[in-house]
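Data first, discussion second: the structure below is written as structure tokens.
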Amino acid sequence: MKRAAVIVNPIKIKNLDLLHRQVERVMRAYAWAPPMWLETTIEDPGFGQTQAALDAGVDLVVALGGDGTVRNVSTTLVDTGVPLAILPAGTGNLLARNLGLPTHNRKNALRSALAGRNRTIDTLKVEIDTTGDGEFDDTATSTVMTGCGLDAEIMADTSEKLKARASWLAYPLAGMKYVNAGLTPMRVALDDGPLSEPRGLTTVIVGNCGRLTGGVRLMPDALPDDGLLDVIELSARRLQWARLVSQVLRGSNKPTAQVRHRTGTRVRIECETPTRVEIDGEVHDHALNVVITLQPQSLVVRVP
């Protein structure tokens, strides 16, 4: 019999015993052996547990948690060929939404994974230089999108309590106080091209997928397996926010003074001042340089 490992963030689950019974019942119905259960911790939010599952020779790794848990499990699964199944339990559930997976019923999500097919998608390698000395202090994997600028500040300012109360609306609610925020001078280079001249930007977002929470399509043409990074440069001051929000909600790729959209396989972002970075919604250190490189066809995911 095939066997899966379930890597669960226990903070996201109210009744772990009930969860075990539900998952094992679905596994039996599809002739799978009882799964290997591994819980994330503050010290190890999923990397070591995924490696333990791989060492045990499982046929499937199930990530049960929010976007952070999915990203941490995916990081260790990159280029292994072992498929990932996602049982969403977070606020955004961005990779699940972009892949058309069930997001409101974990039993249905598991059934979809066991009865579905493999889809091999791209991932992003994110390298962060916090000091400006050209050395990378942190390297991470992104499956959905990485942002440098105001989007990261908003995510850093969104409390878990607000997310629990307002779900995905927590992010725009937290962002309202940044309407008068200033612009950060940044230089951006795609592929082997030169860095642009410094330009005041609100944020730069590099995406593997284009759909945000609430059904908003920030990058309408982005596909997780198209071999391209979609790059959005956003710039808005005060009264320009209405035009910027309108263009984003309409899913328009038309270049304007507020929105610039390009594609490539490698992006370098150089910031004049330390600027906060977010990776799949998880906030990282302030950075002076960020390099994001496409890792094509590097992660196998179970989809309907």
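Each row is one residue, and each column tells you yes or no for (1) open to solvent by 50 Å² or more (accessible area, probe 1.4 Å); (2) of a type outside the set (A, V, I, L, M).
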site: MET1; (1), (2): yes, no
site: ASN9; (1), (2): no, yes
site: LYS14; (1), (2): yes, yes
site: ASP17; (1), (2): yes, yes
site: VAL23; (1), (2): no, no
site: ARG28; (1), (2): yes, yes
site: THR40; (1), (2): no, yes
site: GLN49; (1), (2): no, yes
site: ALA56; (1), (2): yes, no
The residue from MET36, MET1 that alone is free of Cβ contacts under 8 Å to residues at least 40 places away in the same chain, within 20 Å of ASN118 (Cα to Cα) and more than 20 Å from the chain's Cα centre (by Cα) is MET1
Cβ pairs under 9 Å, 6+ apart or interchain, first in the range 120-141 and surrounded by 18 or more Cβ atoms within 10 Å (Cβ to Cβ), second among the basic types (Lys, Arg), ordered by first then second residue, are ALA140/ARG71; ALA140/LYS125; THR141/ARG71; THR141/LYS125
Counted residues in the range 182-210 being at pLDDT below 90, closer than 23 Å to THR91 by Cβ and either within 19 Å of the chain's Cα centre (by Cα) or among the aliphatic types (A, V, I, L, M) (or both) come to 2
Within the range 197-215, residues surrounded by 15 or more Cβ atoms within 10 Å (Cβ to Cβ) and either in a loop (DSSP other than H, G, I, E, B) or in contact (Cβ under 8 Å) with a residue 60 or more places away in the chain (or both) come out as THR202, VAL204, ILE205, VAL206, GLY207, ASN208, CYS209, GLY210, ARG211, LEU212, THR213
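Considering each residue of the range 79-100, count those that are in a loop (DSSP other than H, G, I, E, B) and either among the small types (Gly, Ala, Ser) or at pLDDT 95 or above (or both), and give that number. Even if it seems obvious, please write down each step before you answer.
Of the range 79-100, the ones in a loop (DSSP other than H, G, I, E, B) are 79-83, 89-93, 99-100.
This time we only want the ones that are either among the small types (Gly, Ala, Ser) or at pLDDT 95 or above (or both), so: 79-83, 89-90, 92, 99-100.
Adding up the residues that qualify gives 10.
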Residue hits (the range 84-113; out of contact with any helix residue (DSSP H, G or I) (no Cβ under 7 Å at 6 or more places or on another chain), open to solvent by 20 Å² or more (accessible area, probe 1.4 Å), touching a residue at least 24 places away in the same chain (Cβ under 8 Å) and at negative phi) are ARG97, ASN98, ARG106, SER112
Considering the range 249-282, residues that are crowded, with 18+ Cβ neighbours inside 10 Å and of a type in the set (A, V, I, L, M), and then whichever is modelled with the lowest pLDDT, we arrive at VAL259
Apart from one, (1) over 30 Å from THR141 (Cα atoms); (2) in a loop (DSSP other than H, G, I, E, B) all hold for THR41; the odd one out is (1)
- Task: Scan the range 218-226 and give yes if some residue there is touching a strand residue (DSSP E or B) at 6+ places or on another chain (Cβ under 7 Å), modelled with pLDDT of 95 or more and buried (at least 19 other Cβ atoms within 10 Å of the Cβ), otherwise no.
- Result: yes
Taking the range 103-135 and keeping only residues that are modelled with pLDDT under 95 and not basic (Lys, Arg), one is left with THR103, HIS104, ASN105, THR130, THR131, GLY132, ASP133, GLY134, GLU135
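The values are calculated or read from the model by the stated rules, or taken from the named source; none is laboratory data. Here the structure is a predicted model, which is why all the values come from computation and not from measurement. Here the Cβ is made from the backbone with ideal geometry for all residues, glycine too, and neighbour counts use every protein chain on show. Surface accessibility is based on the protein's heavy atoms, side chains included, excluding ligands, DNA and RNA. Shrake-Rupley method; radii C 1.70, N 1.55, O 1.52, S 1.80 Å.
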